[in-house]
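The structure appears right after this line, and notes come after that.
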Amino acid sequence: MELFPILLSLRVATLSTILAGLFGVGLAWVLTRRRFPGRTLLESVVVLPLVLPPTVVGFYLLLLLGRSGPLGASLEAAGLEIVFTWRAAVIAATVASLPLVVKAVQAAFESVDPRIEAAARTLRPAASVFLTVTLPLAWRGILAGLILAFARGMGEFGITLMLAGSIPGRTQTLPLAIYDAVQANDLAQANALALTTIGIVTVLLFILSRLPRVRF
Amino acid sequence: MLEFAFEYRLDGFLLAPALTADRGVTALYGPSGAGKSLTLLCLVGLRRPEGGWIRLNGRTLFDAAAGLHVPPHLRRVGLVFQEYALFPHLTVAGNLAYGLRGLSRDAVRERVEAMLRLLRLEPFGNRYPGELSGGQRQRVALGRGLIIQPELLLLDEPFSALDQMERERLRAEVLELLQGFGGTTVLVTHNLQEAYLMARQVAVIDGGRILQSGPRDEVLQHPRDRRVAEHVGASNIFQGTVVADEDTASDVIAWYGQRLAVSGPLPAPGTAVEFCLRPEDIRLVWPEKAGERPNVLRGRLTAEVERGVDYLLRFRSEGTAAVAGDIEIHCSEHLHYLMELAPGKAVWIALPPDKLHVLTPVPDDGAVG
């Protein structure tokens with residue numbers, strides 16, 4: 001069995017979980033605790049990757065981050081190649097898992113009694129309150145969101161294919177490798193990779209089920 | 001000393017309270033939706049008013065004109081929430097220590113231990129709020145506000161989450177704890193009895209404005225106008241006209257054929273006045289002694305409500321038409337038994353001249369503040 005796709009997928013899922021976690025927690029906090037014009041629009045945009053076909057999301061990311069794209073050109077000028085590298089796979093997985101993190105963390109923040117935060121606010125500055133009251137009280141929901149994000153990162157297919165391609169030994173993640181093996185009629189290889197995926201995801205779901213008081 | 005006058009607008013509701021509160025407990029008393037809790041949130045700085053100012057012992061906490069808004073944690077103001085809002089993930093000691101920043105570990109431990117002793121919660125320092133009784137939680141909430149040595153302590157309906165028996169015990173406990181607190185306390189309540197029991201100063205708030213404030217007896221006995229009278233339970237409110245009395249050479253109130261003597265000053269004869277009388281200040285008089293009392297009315301009881309510890313009676317004077325309105329009387333169970341009171345019975349009542357209180361006309365909305 002080839003190890004590269006497994007290691008790549010673990011790396012991609014880990015990095016995308018960290019990125020989606022950072023952005024997701026921030027976005028969720030803004031969406032639950034702040035009232036501003038365009039809030040509903042922002043919320044809709046965040047959820048888009050969940051409802052749009054992955055190829056559509058991948059297509060527009062490709063236009064945005066491609067060598068002649070508005071963002072891709074400047075990144076390339078700065079010496080950072082994105083498209084058809086492992087970085088593109090990380091971005092693809094991040095975009096795909098961000099709505100899951102935002103939704104889970106939003107629910108977690110909403111379950112924190114605002115009066116408890118207000119009481120803390122009378123005793124400490126806002127940043128300290130977020131770290132010492134809001135986050136600890138919401139950690140179960142946040143952790144659940146991160147686990148979902150990791151699973152999503154492991155399984156990302158459509159956006160990754162559009163943005164990173166399926167270059168064996170370079171950008172071929174686990175799901176892409178399984179697809180490739182099936183196309184090449186190498187069922188033993190496909191089976192080994194698929195069983196590995198099932199193993200990893202099962203462990204994650206087990207952890208998730210052990211988190212009390214979180215409902216999906 | 002706390003002084004403030006500010007405006008805060010919320011969904012068409014205008015909160016515009018103005019008050020000066022000295023050291024000691026001031027009750028902010030009013031019905032639900034009067035703006036009591038919102039006033040506290042503005043005082044502690046969790047809400048920012050649009051106009052006005054807030055000063056505490058000469059320190060400006062908020063000044064709209066100067067663009068000054070001191071953040072809540074720097075105001076030296078403790079706020080105890082209605083449902084306590086303890087941190088469920090921290091122990092009792094952790095809750096108490098939360099507001100103590102910039103102190104050494106030893107100093108924090110010392111302060112927390114002293115507070116636990118004061119609250120009589122020494123054995124509970126390592127417990128979590130979920131493991132405490134309602135009364136213990138309330139003490140922790142109070143301790144969390146007091147431990148930062150605030151200059152102003154705000155209590156938002158601190159007893160409303162407790163049952164009756166616990167409430168009475170805790171009122172005494174809180175008063176005891178507050179005795180060691182040298183600052184100003186503002187207690188929000190919608191319970192008149194609680195306001196009276198806990199506070200020396202009472203401020204009546206409704207519709208976002210302080211209608212009257214002052215020593216509690218002053219506010220209860222001398223409500224400024226009809227709205228305050230209604231809030232403080234002076235439920236007998238009537239309209240009459242000031243007339244000159246030929247016999248005594250002093251002015252009296254003419255009220256549906258009766259002439260009522262009043263101890264306090266009256267406006268010039270010919271003026272229409274509103275006056276009020278607390279139901280517990282009305283005296284039921286034995287018929288043979290009726291001649292000895294001023295302002296005696298003869299009439300009948302029209303209804304009675306037994307309220308456990310006392311009776312609420314309604315009385316209609318013989319001389320006055322029904323339009324004058326029934327008079328509400330509170331009378332003890334003992335007196336009710338002695339006088340064999342019942343609906344329909346003919347009785348004499350006396351309206352003590354020193355308890356008849358003339359109200360000032362209610363100003364038009366918008367004319368105040």
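Within segment B:99-121, being part of a helix (DSSP H, G or I) and either surrounded by 17 or more Cβ atoms within 10 Å (Cβ to Cβ) or not acidic (Asp, Glu) (or both) holds for B:Arg105, B:Ala107, B:Val108, B:Arg109, B:Arg111, B:Val112, B:Ala114, B:Met115, B:Leu116, B:Arg117, B:Leu118. All conditions but one from (1) within 24 Å of B:Phe315 (Cα to Cα); (2) of a type in the set (D, E, K, R); (3) not assigned by TED's automatic domain parsing to the domain that holds B:Leu40 apply to B:Asp225; the one that does not is (3). Scanning segment B:205-230 for residues that are in contact (Cβ under 8 Å) with a residue 24 or more places away in the chain, within 23 Å of B:Ser263 (Cβ to Cβ) and not small (Gly, Ala, Ser) gives B:Arg216, B:Leu220, B:Gln221, B:His222, B:Pro223, B:Arg224, B:Asp225, B:Arg226, B:Val228. Figure legend. Inter-residue proximity from segment B:54-77: first residues within 14 Å of another protein chain (Cβ to nearest Cβ) and without any contact (Cβ under 8 Å) to a residue 60 or more places away in the chain, second residues basic (Lys, Arg) and not in a strand (DSSP E or B), beta-carbon distance below 8 Å, spacing 6+ or different chains. Indicated pairs: B:Leu61/B:Arg75; B:His69/B:Arg48; B:Pro72/A:Arg121; B:His73/A:Arg121; B:His73/A:Arg124.
Of the residues A:Phe109, A:Phe150, which single one is farther than 30 Å from B:Val44 by Cα, away from every other protein chain (no Cβ under 14 Å) and aromatic (Phe, Trp, Tyr)? Explain how you work it out, then say what you get.
Working: A:Phe109 fails: farther than 30 Å from B:Val44 by Cα.
It is A:Phe150.
Apart from one condition, B:Val262 fits all of (1) farther than 26 Å from B:Glu280 by Cβ; (2) in contact with a Pro (Cβ under 7 Å, 6 or more places away or on another chain); (3) not in a strand (DSSP E or B); the exception is (1). Against the condition crowded, with 24+ Cβ neighbours inside 10 Å, more than 10 Å from chain A (Cβ to nearest Cβ), touching a helix residue (DSSP H, G or I) at 6+ places or on another chain (Cβ under 6 Å) and not in a loop (DSSP other than H, G, I, E, B), how does B:Leu96 come out, does it pass? Yes; evaluated as a whole, the condition is true for this residue.
The values are calculated or read from the model by the stated rules, or taken from the named source; none is laboratory data. Just so it is clear, the model here is predicted, and its values are computed rather than measured. When we count neighbours, we look across all protein chains shown, and the Cβ atoms used for this are built from the backbone with ideal geometry, even at glycine.
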